[in-house]
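Beneath this line is the structure, given in structure tokens, with notes to follow.
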Amino acid sequence: MGVPVLTLRRFLYGTLALLLSSTVVAEQAEKPIFGGLGVEFGRPLAMDTYGAELKVVPGQALPVNHNITLPPLRPGNIYPWRLFPKANLPRPYRDLSSNSFVMLNQRAEPMRVISRIFESGCGESFDWLKATLAKKYEAAGDIEITAPAPFERALRISYLSRQIDVRCGPATVIEYLDGDVLAAWAADQQKEYEAYQRELADIEKRRLVMNQRRAIKFADSFTVGDEYRLEGAFGIQFQKPFARNSAQKFPVDAPFYAVLPNLPEPFDRGDIQLVISPERHPISIRGTFKDLVFDDVADAFKAKYGQPMKASSRHIIHRVSNNHAIVKKLAEDTVEIAFIDTLAQSEQRKRLWEQESDGL
């Protein structure tokens with residue numbers, strides 16, 4: 001008689017569950033893991049047993065059964081990995097070429113220790129290691145697991161947060177790890193790095209504030225008015241007669257060069273042109289300078305007046321109380337700054353049109 005389908009299905013499910021259960025418990029040790037390769041977890045390592053700090057070491061990627069995120073270190077913090085020349089290797093490997101590394105927390109307590117033995121293949125030494133580890137820690141079932149590439153065979157034994165991993169193939173790698181200590185160290189490093197980032201943000205904020213203040217101070221040195229009103233520039237005010245007490249006859253509605261006293265640097269080394277109305281009220285104030293940086297003026301205008309109404313890499317226009325402040329890069333070594341009273345300019349256009357159309 002054939003086996004009933006339901007009975008067969010239950011048998012298969014039960015077998016699969018048993019296999020899965022064996023896989024899970026195969027790594028579990030009955031005896032605790034106190035350390036290995038010459039280190040003891042929970043006890044600081046003597047300073048004369050380890051060497052220089054290292055940024056990276058071969059095979060430092062965590063075993064796949066750990067999802068601990070290792071954060072970037074705060075600048076100035078000590079790298080956790082150290083050379084470990086005094087590693088105590090298992091007996092069959094002591095005469096072979098190897099290198100070892102230990103990962104220490106702030107108290108010099110081991111979190112991980114890795115020994116890489118330059119013996120290829122998986123021979124009798126590996127079988128001896130498998131049998132010895134399983135016996136020493138009273139592992140339940142087979143401690144062999146699927147080997148990660150490019151290794152051929154691998155072992156794992158776990159007890160609470162501590163575990164032992166062994167791999168063979170291109171080389172033999174033996175690693176001891178304390179997951180709880182490593183996770184605690186990573187959390188501390190994350191807090192320190194976040195504090196460092198906050199400090200950087202505060203420094204950057206203070207830098208921006210200082211730059212803003214310097215830019216506003218620079219803008220105030222050659223503009224007239226506050227952030228809401230553009231009332232002139234270079235000591236000349238819109239809607240007030242230019243050189244009121246001067247007997248000189250200045251052109252009306254046509255540009256002319258003005259010699260202005262007490263100009264701050266670098267404006268004292270440039271040329272300033274004015275256009276005035278019949279009442280001598282300035283319509284436009286335009287300066288051309290060779291010792292001036294375009295970006296410095298652009299930053300000064302932005303700091304004082306906010307975002308421009310038009311901006312490119314060579315031409316920026318701000319509208320302030322219906323007046324205009326303009327900076328233009330005429331050449332790589334020449335910058336022009338212009339200030340325009342738009343109402344006065346509108347009245348000028350009417351006058352010029354009346355003159356143009358006179359008699360028609």
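The values are calculated or read from the model by the stated rules, or taken from the named source; none is laboratory data. Keep in mind that this is a model prediction, so the values were computed, not measured. Counting neighbours? That spans all protein chains shown, and the Cβs are built from the backbone with ideal geometry, glycine included. Areas reflect the complete protein model, heavy atoms only, side chains present, ligands, DNA and RNA absent. Shrake-Rupley method; radii C 1.70, N 1.55, O 1.52, S 1.80 Å.
Name the residue that is least open to solvent (accessible area, probe 1.4 Å), counting only residues in the range 103-123 that are among the basic types (Lys, Arg) and part of a strand (DSSP E or B).
Going through the qualifying residues, I end up with 112.
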Response to the item:
Of the residues in the range 340-360, those that are at pLDDT below 90 and of a type outside the set (A, V, I, L, M) come to 353, 354, 355, 356, 357, 358, 359
Worksheet entry | Matching residues in the range 67-101 - criterion: being more than 36 Å from the chain's Cα centre (by Cα), open to solvent by less than 70 Å² (accessible area, probe 1.4 Å) and either closer than 15 Å to residue 194 by Cβ or not aliphatic (A, V, I, L, M) (or both) | 90, 92, 93, 98
Practice prompt. Out of 246, 284, 277, report the one residue that is over 42 Å from the mean Cα position of the chain (by Cα), closer than 16 Å to residue 342 by Cα and at pLDDT below 95.
Written response: 277
Fill in: Of all residues making up the range 287-309, the number that are over 31 Å from the mean Cα position of the chain (by Cα) and over 16 Å from residue 224 (Cβ atoms)
6
Worksheet, complete the sentence: All conditions in (1) touching a His at 6+ places or on another chain (Cβ under 7 Å); (2) surrounded by fewer than 18 Cβ atoms within 10 Å (Cβ to Cβ) are true of residue 253 except (1)
Worksheet item: Consider residue 178 against the criteria (1) more than 38 Å from the chain's Cα centre (by Cα); (2) closer than 23 Å to residue 81 by Cα: it satisfies all of them except one. Which criterion is unmet?
Response: (1)
Worksheet entry | Among the candidates 231, 265, residue that is modelled with pLDDT of 90 or more and of a type in the set (Asp, Glu) | 231
Practice prompt. Kindly establish whether residue 234 is farther than 30 Å from residue 79 by Cα, touching a residue at least 12 places away in the same chain (Cβ under 8 Å), open to solvent by less than 40 Å² (accessible area, probe 1.4 Å) and not hydroxyl-bearing (Ser, Thr, Tyr).
Written response: yes
Discussion item. I'd like to verify a number: residues in the range 313-342 that are open to solvent by 50 Å² or more (accessible area, probe 1.4 Å), in contact (Cβ under 8 Å) with a residue 40 or more places away in the chain and not aliphatic (A, V, I, L, M), how many?
Written reply: 2
Worksheet entry | Condition met for residue 264 (surrounded by fewer than 15 Cβ atoms within 10 Å (Cβ to Cβ) and either in contact (Cβ under 8 Å) with a residue 24 or more places away in the chain or touching a Cys at 6+ places or on another chain (Cβ under 8 Å) (or both)) | yes
Worksheet, complete the sentence: Within the range 343-359, the count of residues that are under 23 Å from residue 325 (Cα atoms) and open to solvent by 80 Å² or more (accessible area, probe 1.4 Å) comes to 4
Response to the item:
Checked the range 140-163 for anything open to solvent by less than 20 Å² (accessible area, probe 1.4 Å) and more than 16 Å from residue 61 (Cβ to Cβ); matches are 143, 155, 157, 158
Item to complete: Quick one: residue 277 ticks every box in (1) out of contact with any strand residue (DSSP E or B) (no Cβ under 7 Å at 6 or more places or on another chain); (2) crowded, with 18+ Cβ neighbours inside 10 Å; (3) polar (S, T, N, Q) except a single one, so which number is it?
Response: (1)
Item to complete: With the checklist (1) outside any helix (DSSP H, G or I); (2) at pLDDT 90 or above in hand, flag the one item residue 2 doesn't pass.
Response: (2)
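Which residue, of 196, 228, is open to solvent by 50 Å² or more (accessible area, probe 1.4 Å), touching a Lys or Arg at 6+ places or on another chain (Cβ under 9 Å) and farther than 30 Å from residue 259 by Cβ?
Numbers: 228 fails: touching a Lys or Arg at 6+ places or on another chain (Cβ under 9 Å).
Answer to the selection: 196.
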Worksheet item: Going by the conditions given, is residue 166 surrounded by 19 or more Cβ atoms within 10 Å (Cβ to Cβ) and either out of contact with any Gly (no Cβ under 9 Å at 6 or more places or on another chain) or touching a residue at least 24 places away in the same chain (Cβ under 8 Å) (or both)?
Response: yes
